[in-house]
Structure formats: structure tokens, C-alpha cells
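The values are calculated or read from the model by the stated rules, or taken from the named source; none is laboratory data. The shown structure was predicted, so the numbers you read here are calculated from the model rather than taken from an experiment. With ideal geometry, Cβ positions are generated from the backbone for all residues, glycine too; neighbour counts draw on all protein chains shown.
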Amino acid sequence: GENVEQHPSTLSVQEGDSAVIKCTYSDSASNYFPWYKQELGKRPQLIIDIRSNVGEKKDQRIAVTLNKTAKHFSLHITETQPEDSAVYFCAASIDGNNRLAFGKGNQVVVIP
Amino acid sequence: GAVVSQHPSRVICKSGTSVKIECRSLDFQATTMFWYRQFPKKSLMLMATSNEGSKATYEQGVEKDKFLINHASLTLSTLTVTSAHPEDSSFYICSASKGLGNQPQHFGDGTRLSIL
């Protein structure tokens, strides 16, 4: 089955700096990779996703890159703000029926 | 759009009680709904996939007789934790997606279940 690894588990950055979270996956058949942001006590919110037919996608301060050969994908947050502080989860599709395998999450702390 | 409502948000009950959790898609028809379990500071663990009008598909290690799932309509799925015990205490969260294939999943607010 699909195994998703996420690193680092905790990341502290100064406000204004960039944050990068990396995930690896094991199943070469995976073709959909979403990223979710979960603030304390709240629901996971989809912030960006990428499909295997593209290598990079950007939405304002957030970007995701995908390397299918190496089976890893990364989330990039630029010009970080205190409200970016949250747990970020990566996920990879298990099959074509929308099932997802999630990484363990990354606690991002933006220091004002 | 794509709002998912989950109810109740918090349940505290005695051991042996059965607890029903509802997941509703408010502004779209959800072809598929998913049920996850999340332990403190841990990831989301997929329990089962629920398709409207058919039996749920359970992940390996998840007892289908323990966690009953019903997906009666395109906007409602329910998870019933039967004869709950303290080890069933956890955060249960549902998600819903539109259409077929790999579509974005939209999550509910989750249910904190505490079994005494």
C-alpha cells in the first residue's frame, strides 16, 4: 500500500522567511497530491493540490512541486505570516477512487 | 462552496453505549464520503470509504461490525460506533468529495468521542 513520509515534524521560521515541507511516497501509481492546513481544534483545510501531469503549481504565497521520478513533493510557503502557524498534512492518492494516505503532519510555527 | 457539516462535535458517554455521528455535505452532492480517525498530534487514519447506495469499503484492521457506516443519500453519511469502549475514544472526522476519480476532499469539523 501507499506509505507517505513527511519531514520535518516541526519547523520554526521567522516571520517573512520561507518554509518548506517535504513528503515522500512509495506507490509510483499515485497521481494526486493534496496539502491540508489544520489549525488547532479546526478542520483540515485544502490549501493546494497537484496532479501527476504537472511538476509545479502556485497559488499566491503557496507553491507545490512534484518529482515523480524521486517520488517526493514539497510545499513552499513564502513571506510567512503568523497566521500560517498550523499543522500541515501532505497526502497521496492510494488508488483512482479518491482514497488518500496522509503523512504524519508538520507543525509550522511562524515567529513574529 | 463545498461545506461539510459534522454532528455532534463532542460526545461523552458510558462504556457500552452506541454512538452515531452524522456527516452532511451542505451545498454539493457527495459521490463519496470518507471516515477518518485522528489521534492526538497524529495523522489522519482512513477508516472507510462510503459510497451512496452501496456498502462501505473498510481499511485493513478496521472492524466493520464495530464501525457501522451508512450512506443513505448523496448528502448524508453516518458512522455508528457500536458498544463503544474507552479505547474507541478518539477524534473522528469525515470528508466528502464530488464526482469520481481523485477529487479534493472537504472535511467536517470532527467529533471528539470520549468513552468513560
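Structure data summary
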| item | result |
| --- | --- |
| The stretch B:19-46 residues that are free of Cβ contacts under 8 Å to residues at least 24 places away in the same chain, paired with ones that are among the basic types (Lys, Arg) (beta carbon under 7 Å, 6 or more apart) | B:LYS42/A:LYS104; B:SER43/A:LYS104; B:MET45/B:ARG37; B:LEU46/A:ARG99 |
| Qualifying residue in the stretch B:91-100 (condition: free of Cβ contacts under 8 Å to residues at least 60 places away in the same chain and under 20 Å from A:ARG43 (Cβ atoms)) | yes |
| Residues of the stretch B:93-111 classified as surrounded by 19 or more Cβ atoms within 10 Å (Cβ to Cβ) and out of contact with any Phe, Trp or Tyr (no Cβ under 7 Å at 6 or more places or on another chain), total | 5 |
| Residues of the stretch A:84-97 classified as in contact with a Ser or Thr (Cβ under 8 Å, 6 or more places away or on another chain) and either free of Cβ contacts under 8 Å to residues at least 12 places away in the same chain or closer than 17 Å to A:THR10 by Cβ (or both), total | 2 |
| Residues of the stretch A:5-37 that turn out to be more than 11 Å from every other protein chain (Cβ to nearest Cβ), part of a loop (DSSP other than H, G, I, E, B) and within 15 Å of A:TYR88 (Cβ to Cβ), as a count | 2 |
| Extreme residue, surrounded by the fewest Cβ atoms within 10 Å (Cβ to Cβ), among residues of the stretch B:8-35 that are farther than 16 Å from A:GLY41 by Cβ and within 13 Å of another protein chain (Cβ to nearest Cβ) | B:THR31 |
| Strands (runs of 3 or more DSSP E) contained in the stretch B:66-116 and holding at least 1 residues touching a Leu at 6+ places or on another chain (Cβ under 7 Å) and within 14 Å of chain A (Cβ to nearest Cβ) | B:90-97 |
| Pairs with Cβ under 7 Å, 6+ apart, first in the stretch A:69-83 and in contact (Cβ under 8 Å) with a residue 12 or more places away in the chain, second surrounded by fewer than 17 Cβ atoms within 10 Å (Cβ to Cβ) and among the acidic types (Asp, Glu) | A:THR80/A:GLU15; A:THR80/A:ASP17; A:GLN81/A:GLU15; A:PRO82/A:GLU15 |
| Residue in the stretch A:68-84 that is within 14 Å of chain B (Cβ to nearest Cβ), touching a Leu at 6+ places or on another chain (Cβ under 7 Å) and surrounded by 19 or more Cβ atoms within 10 Å (Cβ to Cβ) present | no |
| Residue within the stretch A:58-66 that is surrounded by fewer than 18 Cβ atoms within 10 Å (Cβ to Cβ) and within 14 Å of chain B (Cβ to nearest Cβ) present | yes |
| Out of B:SER114, B:SER50, sole residue that is in contact with a strand residue (DSSP E or B) (Cβ under 9 Å, 6 or more places away or on another chain) and at pLDDT below 95 | B:SER50 |
| Hits in the stretch A:36-56 (condition: at pLDDT below 95, surrounded by 15 or more Cβ atoms within 10 Å (Cβ to Cβ) and of a type in the set (D, E, K, R)) | A:ARG43 |
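Yes or no, residue by residue, for (1) charged (D, E, K, R); (2) out of contact with any Phe, Trp or Tyr (no Cβ under 8 Å at 6 or more places or on another chain):
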{"residue": "A:GLY1", "(1), (2)": "no, yes"}
{"residue": "A:SER9", "(1), (2)": "no, yes"}
{"residue": "A:SER12", "(1), (2)": "no, yes"}
{"residue": "A:PHE33", "(1), (2)": "no, no"}
{"residue": "A:LYS42", "(1), (2)": "yes, yes"}
{"residue": "A:ILE48", "(1), (2)": "no, no"}
{"residue": "A:GLN60", "(1), (2)": "no, yes"}
{"residue": "A:LYS71", "(1), (2)": "yes, no"}
